[in-house]
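Derivation of every value follows stated rules applied to the coordinates shown; laboratory data play no part. Note that the coordinates shown come from a computational prediction; the quantities given were computed from them, not determined experimentally. With ideal geometry, Cβ positions are generated from the backbone for all residues, glycine too; neighbour counts draw on all protein chains shown.
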Amino acid sequence: MSLTIKIANRFSNSPLGNGSAAGILSVIGMGVGCFALIISLAVMNGFESVVNLKLKGFDGDLRISGNIDGLNSDKIEQIEGVMSVMPYMERRGLINDKKDYRVVSLKAVDMNKFDDFYFLALRGISSENMILIGQDLAYRLRKDIGDEIEISSPLDQSFGLGFPPKKKLKIGGVFTTRILDYDDRYVFIPLDVGQSLFKRKSSLDGFDLRLDRDQNVSSWKKNHRLSLADEITIQTWEDLNRSLVDAMQLERLGAIVILSLIFLVAAFNLAATISLISILKMKEIGILQIMGAPSTLVRGVLLTMGLRKGIKGAISGLIVGVAIVMVQSVTGFIPIPEDIYIINSLPMTLYTSDVITITFIAILFIFVSSWIASQKIVRINPNDALQWVK
Amino acid sequence: MGKIILQASNINKSFTNGASKLMVLENLSFALEKAEIITIMGQSGAGKSTLLNILGTLDSPDTGSLIINGHDVEKLNENELCTLRNRELGFVFQFHNLLPEFTALENILMPNWISNQDSKIAHAHDLLNKVDLMERKDHYPNQLSGGERSRVAVLRAIINEPSMILADEPTGNLDEKNAGKLIDLFIEINKDFGQSIVLTTHNPDIASIGDRKLILNDGQLRTYK
């Protein structure tokens with residue numbers, strides 16, 4: 001055991017003024033900081049996972065678009081790692097009831113593959129000659145499964161006739177995503193209906209792809225980018241929802257920064273404790289200096305004492321936080337209203353990188369505060385240190 | 001004439017309090033030879049502790065030079081001063097100044113641990129035997145008597161075999177019997193290990209052990225007869 005640790009151990013365990021009361025507060029402060037960060041990040045991760053799953057459930061893992069001449073579903077399905085392919089056409093269009101018109105995104109897809117490809121909460125069935133609308137849109141139009149609805153595509157209006165192509169279809173199902181305004185904006189229509197409605201489109205817009213579970217989406221995109229024609233665009237679900245993904249990451253960063261302020265407050269407390277210990281141990285430090293202890297040894301002792309107290313708190317907070325996350329993941333003992341969040345318990349997900357980040361932040365704050373607190377005592381003249389108690 | 005261990009030349013030291021300036025040491029010069037014992041007497045406030053602090057590099061003079069075993073103290077940086085204190089100097093105080101968190105043996109070994117040199121535990125055991133404290137080696141300072149603490153403090157001062165020991169009224173807090181034991185220990189150390197000793201005291205009997213007996217008066221050292 002090094003002399004620094006040996007002295008720090010003895011000073012810490014000494015009943016003769018070790019600043020234990022203030023030390024406990026420092027430990028608690030660091031613990032609360034770590035706990036708060038762990039829980040907050042776990043909840044953010046949890047909700048992010050839910051949102052990501054929903055985005056992937058709605059868009060697929062990847063989208064291939066651009067100049068896709070020569071590509072078809074069968075050909076794409078042959079590519080390694082591809083599990084299923086959904087051809088699509090998309091157009092802004094109108095959906096109208098007798099009195100009400102709403103602008104929507106009409107997404108024409110292969111209804112035979114719908115249930116296999118999309119992971120959506122769907123009430124009703126997907127079938128040819130029927131459309132699927134979002135829950136909010138159904139509510140606004142006061143329509144439900146079985147009702148007939150008219151869709152039109154004004155962008156495909158022929159100049160000579162003056163009316164946009166229209167089609168009346170029955171509502172086959174109502175889906176719920178709870179992502180942004182998707183439930184109000186998107187309408188799924190059969191691919192052949194889309195082809196007849198979107199008269200100005202000569203071909204498909206592209207293909208949505210779902211990859212095998214073991215495939216990494218970004219790696220797949222990178223690896224297959226070169227094997228496809230230059231005019232073809234490959235976008236991951238993250239690319240398609242870039243602003244939302246960026247917003248979530250920014251929110252996460254903000255949470256880390258804001259909650260790190262708890263560490264800052266705890267670090268002030270720790271610095272005060274180390275300063276107190278320094279004063280209580282002034283005589284002993286003076287004795288050590290008189291025996292020839294260099295400033296590195298004295299600083300090392302104080303840093304060790306500070307790190308020990310801080311890390312004790314940080315580890316306690318980490319353990320309690322991680323335990324709660326694990327128990328919540330298994331039992332879901334913290335409920336949330338299902339009608340608002342779709343899920344019935346607070347989602348919590350913790351990544352190793354988060355634990356490492358939090359540990360790093362905690363140690364950084366502990367180290368800096370202990371260092372600052374030790375500065376003054378390290379510079380004190382040994383004789384003054386002895387005079388202090390005289 | 002033996003080897004010069006310490007050479008203090010033209011040492012001046014004053015303390016300022018507002019407009020008033022108190023001159024404590026004035027053009028003070030003296031040399032300490034190897035294995036020599038110098039005792040310094042003087043009234044309270046004469047500057048004995050200030051002088052010892054300067055000789056021990058715990059305080060710096062206003063002017064003057066101090067050379068310890070060939071090292072010009074003024075030219076040493078902080079780390080070199082620490083090494084000098086650790087290797088060349090041993091301190092004994094009126095109040096033992098032992099570390100309360102460490103046992104008697106650990107207190108004795110502390111300078112050795114700080115120096116990061118080979119362990120001197122065997123030497124520490126020998127010293128403890130010499131002063132009949134072997135059985136008390138694992139006792140903490142608060143479990144030792146005043147006399148025992150003082151002896152432990154002396155052993156701590158000599159564990160690294162320094163060139164000289166600076167003792168600031170080491171018997172000031174002891175009864176006559178324990179004071180006598182401690183002075184005998186200083187004489188024995190001086191005889192056995194050849195270490196130079198500078199000792200301050202109020203007691204003329206104790207001062208009589210010095211090869212040279214000095215008195216500090218008006219900032220000057222004079223021979224005491």
Return the sequence-ordered ³J(HN,Hα) values of the range A:50-55 in whole Hz as given by the Karplus equation 6.51 cos²θ - 1.76 cosθ + 1.60 applied to θ = phi - 60°, using x for Gly and Pro.
4, 5, 4, 4, 5, 4
Each residue of the range B:149-162 in turn: what ³J(HN,Hα) in whole Hz from Karplus with 6.51, -1.76, 1.60 and θ = phi - 60°, glycine and Pro shown as x?
4, 4, 5, 4, 4, 5, 4, 4, 5, 9, 4, 8, 6, x
Could you please state, rounded to a whole Å, how far the C-alpha centre of the range A:251-296 is from the C-alpha centre of the range B:147-204?
38
Please report, in Å, the Rg and the Dmax of the protein assembly as shown, where both are computed over Cα atoms only.
41.8, 134
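Once you have a ≥ b ≥ c as the square roots of the Cα gyration tensor eigenvalues for the range B:117-187, tell me rounded if a/c is under 1.5, and otherwise prolate or oblate according to whether a/b is larger than b/c. Walk me through the intermediate numbers first.
Working: a/c = 1.92, a/b = 1.24, b/c = 1.54.
Here the range B:117-187 falls in the oblate category.
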Dividing the mean separation of Cα pairs under 8 Å (6+ apart) by the residue count of the range A:148-299 yields a relative contact order in percent of 12
Three principal axis lengths of the range A:166-266 [C-alpha, angstrom, descending]:
66, 39, 27
Given A:K312/B:K137; B:K75/B:K130; A:K168/A:K199; A:K283/B:K137, which pairs have Cα atoms separated by over 28 Å?
A:K312/B:K137; B:K75/B:K130
Shielding of B:46-59 by partner chains, average beta-carbon count, 10 Å:
2
Taking placed amide H atoms and a strict 5 Å upper bound, the residues 5 or more places from B:N69 or on another chain that come that close are B:L6, B:Q7
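Taking only DSSP H segments of four or more residues, each worth -39500 (n - 2.57), what value at 222 nm results for chain A once the sum is divided by all its residues, to the nearest 500 deg cm²/dmol? Can you show the working numbers first?
On the way: 15 runs with 216 residues, N = 390.
Theoretical 222 nm ellipticity from helices: -18000 deg cm²/dmol.
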When chain A is treated as a GNM, springs tying every alpha-carbon pair under 10 Å, which of A:G292, A:G124, A:G173 comes out with the largest mean-square fluctuation?
A:G292
Average partner chain C-beta neighbours within 10 Å, per residue of B:99-112?
4
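If I take every Cα pair under 8 Å that is 6 or more residues apart in chain A, average their sequence separation and divide by the length, what percent do I get for the relative contact order?
Values: 642 pairs, mean separation 111.8, N = 390.
The value is 29 percent.
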Quick one, can you get me the convex hull of the C-alpha atoms of the range A:62-214 expressed as volume per residue in Å³?
116
Explain nothing, just the number: relative contact order of the range B:4-223, from Cα pairs under 8 Å at least 6 residues apart, as a whole percent.
32
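Could you work out the mean projected area of the convex hull around the alpha carbons of the range A:142-212, in square nanometres to one decimal?
On the way: hull surface 27.6 nm².
For the range A:142-212, the mean projected area of the Cα convex hull comes to 6.9 nm².
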Largest fluctuation, A:A267, A:A373, A:A323 only, Gaussian network model of chain A with Cα springs under 10 angstrom, belongs to A:A323
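Return the percentage of antiparallel bridges among DSSP beta bridges fully within the range A:74-199, rounded to the nearest 5 %. Can you show the working numbers first?
Working: 23 of 33 bridges.
Bridges in the range A:74-199 that DSSP calls antiparallel: roughly 70 percent.
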5 angstrom amide H check on A:K166, placed H, neighbours 5+ away:
none
I'd like the Karplus ³J(HN,Hα) series for the range A:134-140: coefficients 6.51, -1.76, 1.60, θ = phi - 60°, whole numbers in Hz, and an x wherever there's a Gly or Pro.
x, 4, 5, 5, 4, 5, 5
Cα-based equivalent ellipsoid, the range A:1-94: semi-axes from gyration tensor eigenvalues, Å:
62, 19, 9
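At a Förster radius of 41 Å, what calculated FRET efficiency corresponds to the Cβ-Cβ distance of A:V368 and B:S9, to the nearest 0.05?
Values: r = 45 Å, r/R0 = 1.11.
Approximately 0.35, to the nearest 0.05.
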For the cross-link pairs A:K143/A:K222; A:K54/A:K167; A:K201/A:K221, which exceed 32 Å when the distance is taken from alpha carbon to alpha carbon?
A:K143/A:K222
Once you average over the residues of B:73-80, how many Cβ atoms of partner chains fall within 10 Å of each Cβ?
1
